[in-house]
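Below is one structure, written out as structure tokens, with a few remarks after it.
The values are calculated or read from the model by the stated rules, or taken from the named source; none is laboratory data. For clarity, every value in this text was computed on a predicted model and none was experimentally measured. Using ideal geometry, Cβ is built from the backbone for each residue, glycine included, and neighbour counts are taken over all protein chains shown.
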Amino acid sequence: MKTMPHNPYDIPFNKPWISGDEYRYMAQAVEGGHISGDGPYTRRCSQTLEAWLGAKRVLLTTSCTHALEMSALLLELKPGDEVILPAFTFVSTANAFALRGARPVFADIRLDTLNLDEGQIERLITPNTKAIVPVHYAGIGCEMGAIMEIAAAHGLEVVEDNAHGLLGRYRGRLLGTFGGMATQSFHETKNFTCGEGGALVLNHERWIEPAEILREKGTDRSRFFRGQVDKYTWVGLGSSYLPSDVLAAFLLAQLESHARIQQRRKEIWECYMQELRGWAEACGARLPIVPPGCEPSYHLFYVLMPDLERRAGLIEHLKQRRILAVFHYQPLNTSEMGMRFGGRPGDCPVTEQIADQLVRLPFYNGITDEELERVIESIRSYSF
């Protein structure tokens with residue numbers, strides 16, 4: 001029997017966390033005889049998220065990537081269409097729309113929040129532009145007031161990539177509630193997880209029935225279960241985006257523990273901010289900036305080092321102390337695929353700068369105070 005590979009780190013970047021009822025709910029799902037998609041636990045998760053967000057409908061998906069792909073299908077994008085999104089994001093944000101033949105148009109980010117720079121959007125709009133996709137990096141809200149005004153003025157749809165931002169707020173309003181659609185992630189690294197998972201948030205009635213058909217392999221099966229038709233059949237294009245109800249059972253336990261999870265993550269975030277502020281000021285590093293009117297989701301904590309060399313130095317310094325810290329996104333505009341869509345080096349200078357500077361620190365629900373202190377002291381001992 002093969003053994004699992006040895007973990008060289010005492011403090012990993014991320015570690016899955018059990019809130020308490022995950023195994024019990026999963027066992028109940030199996031005992032109940034419905035472990036495929038859209039079972040009782042899937043419905044309870046959807047209802048919970050709908051209540052939090054005030055959404056018209058929330059559909060669980062197998063990943064945030066699939067939720068983004070569903071949004072692209074619902075927008076009926078075609079070759080020649082364009083979608084504006086930040087160059088500093090995960091590849092799924094671009095892939096979802098490129099798979100439909102649309103061209104991702106890369107905008108640079110703000111130096112303070114690392115979010116889509118709303119001041120650049122209008123110059124990127126053409127007659128082919130169909131949508132704007134803001135990404136709430138680290139769970140700190142984009143300037144949604146300005147973005148929504150621009151979208152309305154040009155007749156564009158807004159799809160919020162809210163993979164980082166569930167329960168974060170912009171001007172008192174929850175992230176994921178501004179655009180016509182939003183996507184959520186329940187990946188292992190997120191505040192609430194089921195290993196792999198996501199959700200499509202529908203904030204307008206007009207998207208509900210097309211999304212249900214799309215998610216049910218192109219059938220009107222959802223209408224059948226509601227008694228609106230006496231049988232279901234193939235009525236449109238679709239695929240299978242439903243997670244197992246076993247995964248939904250795991251996720252429900254996490255959602256039910258949201259207050260405890262968010263409180264702990266806030267404590268971790270604020271501890272890093274308070275304890276590293278002096279070190280950052282002394283050595284020319286920078287910590288996250290939260291603008292007035294924004295409340296983070298406390299998804300991750302990063303440090304911006306002065307340059308690539310010192311970023312690599314800090315990561316290696318922590319590695320020698322058996323602590324795993326990692327960098328993040330590489331600029332999409334300079335990637336091999338990004339340049340096929342017209343991206344070029346120099347187009348997004350802030351993105352290109354930040355990508356060489358950013359270090360994400362260990363951040364997970366179960367990190368202990370002692371581990372947190374060890375990370376902080378190790379960072380403070382790094383001098384250059």
Inset, instruction - Answer with yes or no whether Ile84 is among the β-branched types (Val, Ile, Thr) and either surrounded by fewer than 16 Cβ atoms within 10 Å (Cβ to Cβ) or outside the structural domain of Gly101 (by TED's automatic domain parsing) (or both). - result: no
Legend entry - Matching option when the condition is among the acidic types (Asp, Glu), assigned to a helix (DSSP H, G or I), crowded, with 16+ Cβ neighbours inside 10 Å and modelled with pLDDT of 95 or more, among Glu69, Glu31: Glu69
Inset, instruction - Can you run down the residue pairs with Cβ atoms below 7 Å, 6 or more apart or on separate chains, where the first is in region 305-334 and part of a helix (DSSP H, G or I) and the partner is exposed (fewer than 14 other Cβ atoms within 10 Å of the Cβ)? - result: Arg310/Phe384; Gly313/Phe384; Asn333/Arg344; Thr334/Pro345
Inset, instruction - Test Leu237 against the stated conditions and say whether it is in a loop (DSSP other than H, G, I, E, B), over 22 Å from the mean Cα position of the chain (by Cα), in contact (Cβ under 8 Å) with a residue 60 or more places away in the chain and farther than 30 Å from Cys142 by Cα. - result: yes
Legend entry - Positions within region 161-181 being out of contact with any Leu (no Cβ under 8 Å at 6 or more places or on another chain) and hydroxyl-bearing (Ser, Thr, Tyr), in sequence order: Tyr170
Legend entry - Filtered residue count, region 187-209, keeping only those that are outside any helix (DSSP H, G or I) and of a type in the set (Asp, Glu): 2
Inset, instruction - Among the numbered conditions (1) touching a helix residue (DSSP H, G or I) at 6+ places or on another chain (Cβ under 6 Å); (2) without any contact (Cβ under 8 Å) to a residue 24 or more places away in the chain; (3) small (Gly, Ala, Ser), tell me where Ser297 comes up short. - result: (2)
Inset, instruction - State which residue pairs qualify: first residue outside any helix (DSSP H, G or I) and inside region 249-274, second residue of a type in the set (Phe, Trp, Tyr) in any location, beta carbons under 9 Å apart, and separation of 6 or more residues or different chains. - result: Ser257/Phe192
Inset, instruction - Among the residues of region 296-334, write down those that are over 25 Å from the mean Cα position of the chain (by Cα), closer than 28 Å to Ala107 by Cβ and surrounded by 16 or more Cβ atoms within 10 Å (Cβ to Cβ). - result: Arg310
Inset, instruction - Hey, can you tell me all the residues within region 275-295 that are out of contact with any Pro (no Cβ under 9 Å at 6 or more places or on another chain) and aliphatic (A, V, I, L, M)? - result: Leu276, Ala280, Ala282, Leu287, Ile289
Inset, instruction - Return the residue satisfying two criteria in turn: it lies in region 195-223 and is crowded, with 21+ Cβ neighbours inside 10 Å and within 14 Å of the chain's Cα centre (by Cα), and of such residues it is nearest to Gly20 (Cα to Cα). - result: Gly197
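Okay, residues lined up against (1) in contact with a strand residue (DSSP E or B) (Cβ under 8 Å, 6 or more places away or on another chain); (2) of a type in the set (Val, Ile, Thr); (3) in a loop (DSSP other than H, G, I, E, B):
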| site | (1), (2), (3) |
| --- | --- |
| Ala131 | yes, no, no |
| Glu149 | no, no, no |
| Ala163 | yes, no, yes |
| Phe178 | yes, no, yes |
| Ala211 | yes, no, no |
Inset, instruction - Would you please name the residue that is surrounded by the most Cβ atoms within 10 Å (Cβ to Cβ), looking only at residues in region 335-384 that are of a type in the set (A, V, I, L, M) and in a loop (DSSP other than H, G, I, E, B)? - result: Leu361
Legend entry - Condition met for Ile147 (crowded, with 20+ Cβ neighbours inside 10 Å, assigned by TED's automatic domain parsing to the domain that holds Ala87 and in contact (Cβ under 8 Å) with a residue 24 or more places away in the chain): yes
Inset, instruction - For region 37-66, name all the residues that are under 16 Å from Leu202 (Cβ atoms), of a type in the set (Lys, Arg) and in contact (Cβ under 8 Å) with a residue 12 or more places away in the chain. - result: Lys56, Arg57
Inset, instruction - Take Ala98 and decide whether it is in contact (Cβ under 8 Å) with a residue 12 or more places away in the chain and either within 24 Å of Cys294 (Cβ to Cβ) or in contact with an Asp or Glu (Cβ under 9 Å, 6 or more places away or on another chain) (or both). - result: no
